[in-house]
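First the structure, in the form of structure tokens, and then the observations on it.
The values are calculated or read from the model by the stated rules, or taken from the named source; none is laboratory data. Note that the structure is a prediction, hence the values are computed from the model and not measured. Ideal geometry is used to build each Cβ from the backbone, glycine not excepted, and the neighbour counts take in all protein chains shown. Please note that ligands, DNA and RNA were not included when accessible areas were found on the heavy atoms of the full protein model with its side chains. Shrake-Rupley method; radii C 1.70, N 1.55, O 1.52, S 1.80 Å.
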Amino acid sequence: MKFLKIFKNGLWDENPTFRIVIGMCPTLAITNAAINGLVMGLATAFVLLTTEIIISLVKKLIPENVRIPSYVLIIATMVTTVDYFLQAFLPGIASALSLFIPLIVVNCIILGRAEAFASRNSVTDSIADALGMGLGFTWALLLLSSIRELLGSGSIFGYTILGAWYPPMAIMLLPAGAFISLGILIGFMNFISRKGVK
Amino acid sequence: MEQFTHILLLFVSTVLVNNFILVRFLGICPFLGVSNQIGTAFSMGLATTFVMTLTGMASWLINTFILEKFGLQFLETVTFIIVIAALVQFVEMFIKKTSPVLYKALGIFLPLITTNCAILGLALIITSEAYSFIESVVFGFAAGVGFTLAIVLMAGLRENLEFADVPGVLKGVPITLLIAGIMALAFMGFSGLIAM
């Protein structure tokens, strides 16, 4: 019961992208194609899951004063693993994401959850939190990148959805389109959650 | 002379054409979080520029004399993040000792800079582009100037927005993102300026 509650928390109530608004750099930078958004989300979710498990296991061994550097080291190790994995198995996507894979290290979501959750909760709860937050981040990226790919090149995951009649809006694939579509999307999410309260 | 022109072009292209915030999407967190007032935004920009210039220097030295020499490139991410954290801590201690006035202005922003992805991004770009030492330093400084420019412009716009009647659901982050989108459009005008 508790597991599900913590899991759901990350998916909607405290969704990292739409509610807390952290981890903005990858959210804006790589969401120009749906596949990039999906891979980036899953890579971040994987790093989040492994680091939360490790940190919740060793939390009693790490002295209070050096906990942040220790967490950063654990995170950086996992990120390097993911980086090399993607370069080996998905070279095309790895080169599209380029800089933003190593930059998962400084994604505030990871250090934030490590400090706020994994360092003071049990392993099971940490797994629930990591899965919720990780998948919450993934669906947010997937939604944003699908919208941008659909409007920017008329396709999703490379499959043409809007036919030849549709003039692609190249602006959606450019930086300006990223800012504007995320702004509208967050406004829309605020609108939905406000209706739910009333 | 040719060298000088090259450095100058690198500077202009990093500040305007490949602006760290609006084109490369690095350092969005402080851009959205610390852009309420021009004063604080400027201090944040100053602190970031300072650390970025030093990072440009340090990352080149470490990459050339340690990572490449001993074939340790796979430790790149781990090394750079530790170096940046140590560097920020060192800068904080140094400023605290030498200039209490500056420390008062920049103090609270310095720890935040460690998790600013623009800094780590800078170090990683320097290694992947194989810049020379001078280029690395200029690149770091120019990236900081570009960051300051964008964040101060944004703060100026947001200060004026205080008096605007923004629809409830768009208040806060969404309207800031929309403004950033329009700013990014404006910065696209620079894109043909220099081909690098």
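Restricting attention to the range B:23-55, the residues that are over 11 Å from the mean Cα position of the chain (by Cα), among the hydrophobic types (A, V, I, L, M, F, W, C) and in a loop (DSSP other than H, G, I, E, B) add up to 2. Restricted to helices (runs of 4 or more DSSP H) entirely inside the range A:94-198, those with at least 3 residues that are more than 12 Å from chain B (Cβ to nearest Cβ) and not aliphatic (A, V, I, L, M) are A:123-153.
Which of the residues that make up the range B:167-191 are open to solvent by less than 30 Å² (accessible area, probe 1.4 Å) and within 7 Å of chain A (Cβ to nearest Cβ)? Result: B:Pro174, B:Leu177, B:Ala180, B:Gly181, B:Ala184.
Scanning the range A:157-192 for residues that are touching a residue at least 40 places away in the same chain (Cβ under 8 Å) and surrounded by fewer than 18 Cβ atoms within 10 Å (Cβ to Cβ) gives A:Phe157, A:Gly158. The single condition from (1) in contact with a Ser or Thr (Cβ under 7 Å, 6 or more places away or on another chain); (2) open to solvent by 50 Å² or more (accessible area, probe 1.4 Å) that A:Arg148 fails is (2). Could you check, for the range A:40-53, whether at least one of its residues is within 19 Å of A:Phe179 (Cα to Cα), touching a Phe, Trp or Tyr at 6+ places or on another chain (Cβ under 8 Å) and more than 12 Å from chain B (Cβ to nearest Cβ)? Looking for residues that are within 19 Å of A:Phe179 (Cα to Cα), touching a Phe, Trp or Tyr at 6+ places or on another chain (Cβ under 8 Å) and more than 12 Å from chain B (Cβ to nearest Cβ), one finds at least one in the range A:40-53, hence yes.
Under the condition of being crowded, with 21+ Cβ neighbours inside 10 Å and not in a helix (DSSP H, G or I), which residue from the range B:84-137 is nearest to the other protein chains (Cβ to nearest Cβ)? Looking at the filtered set, the residue picked out is B:Thr115.
The set of residues in the range A:4-30 being within 13 Å of another protein chain (Cβ to nearest Cβ), in contact with a helix residue (DSSP H, G or I) (Cβ under 8 Å, 6 or more places away or on another chain) and open to solvent by 70 Å² or more (accessible area, probe 1.4 Å) consists of A:Arg19 alone. Each residue in the range B:165-190 was checked for being out of contact with any helix residue (DSSP H, G or I) (no Cβ under 6 Å at 6 or more places or on another chain) and not in a helix (DSSP H, G or I), and 5 of them qualify.
The set of residues in the range B:1-24 that are within 10 Å of chain A (Cβ to nearest Cβ) and open to solvent by 10 Å² or more (accessible area, probe 1.4 Å) comprises B:Val23, B:Arg24.
The residues of the range B:41-75 that are more than 14 Å from every other protein chain (Cβ to nearest Cβ) and open to solvent by 50 Å² or more (accessible area, probe 1.4 Å), listed by number, are B:Phe42, B:Leu46, B:Phe50, B:Leu54, B:Met57, B:Trp60, B:Leu61, B:Phe65, B:Ile66, B:Glu68, B:Lys69, B:Phe70. Somewhere in the range B:141-164, is a residue open to solvent by less than 30 Å² (accessible area, probe 1.4 Å), touching a residue at least 40 places away in the same chain (Cβ under 8 Å), part of a loop (DSSP other than H, G, I, E, B) and more than 11 Å from every other protein chain (Cβ to nearest Cβ)? Looking for residues that are open to solvent by less than 30 Å² (accessible area, probe 1.4 Å), touching a residue at least 40 places away in the same chain (Cβ under 8 Å), part of a loop (DSSP other than H, G, I, E, B) and more than 11 Å from every other protein chain (Cβ to nearest Cβ), one finds none in the range B:141-164, hence no. Identify, please: which residue in the range A:98-156 is in contact with a strand residue (DSSP E or B) (Cβ under 8 Å, 6 or more places away or on another chain) and touching a residue at least 40 places away in the same chain (Cβ under 8 Å) and is, among those, farthest from A:Thr44 (Cα to Cα)? Among those that are in contact with a strand residue (DSSP E or B) (Cβ under 8 Å, 6 or more places away or on another chain) and touching a residue at least 40 places away in the same chain (Cβ under 8 Å), it is A:Glu149.
Looking at A:Pro69, is it of a type outside the set (S, T, N, Q) and open to solvent by 70 Å² or more (accessible area, probe 1.4 Å)? When the stated conditions are applied, A:Pro69 passes them.
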